[in-house]
């Protein structure tokens, strides 16, 4: 009975969405002017909707969700699926690989 009670107590924790953690797996914006921003797109296409704008040095946490694709293209031509955590706001989308580089998560 104690195991059932423990499992029920942990259920809300286990069902919660994963959040960015410290260590590898994050990105920072590069190759974008300080007075400009990197568009976070709804799909891996320059023609898709902009869902967020990531300003260099002010963008919160950008977590890389999966490898950038397609793998057969040069790095600068790939798109990276990311989650952007900025305060209480969370946005998911795609950024062009040429404008980000690897970073440790804070």
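Please go through the stretch 53-68 and pick out each residue that is farther than 18 Å from residue 31 by Cβ and surrounded by 15 or more Cβ atoms within 10 Å (Cβ to Cβ). Break it down into steps so the answer makes sense when it comes.
Here is the first cut: in the stretch 53-68, the residues farther than 18 Å from residue 31 by Cβ are 60-61, 63, 65-67.
The answer is 60, 61, 63.
Yes or no: residue 97 closer than 16 Å to residue 38 by Cα, surrounded by 12 or more Cβ atoms within 10 Å (Cβ to Cβ) and in contact with a helix residue (DSSP H, G or I) (Cβ under 9 Å, 6 or more places away or on another chain)?
Working: closer than 16 Å to residue 38 by Cα: yes; surrounded by 12 or more Cβ atoms within 10 Å (Cβ to Cβ): yes; in contact with a helix residue (DSSP H, G or I) (Cβ under 9 Å, 6 or more places away or on another chain): yes.
Yes: the conditions hold for residue 97.
Read-outs: derived from the displayed coordinates by stated rules, not from any lab. What you see is a predicted model, and the numbers here were worked out from it, not measured in a lab. For neighbour counting, all protein chains shown are included, and Cβ atoms are generated from backbone atoms with ideal geometry for every residue, glycine included.
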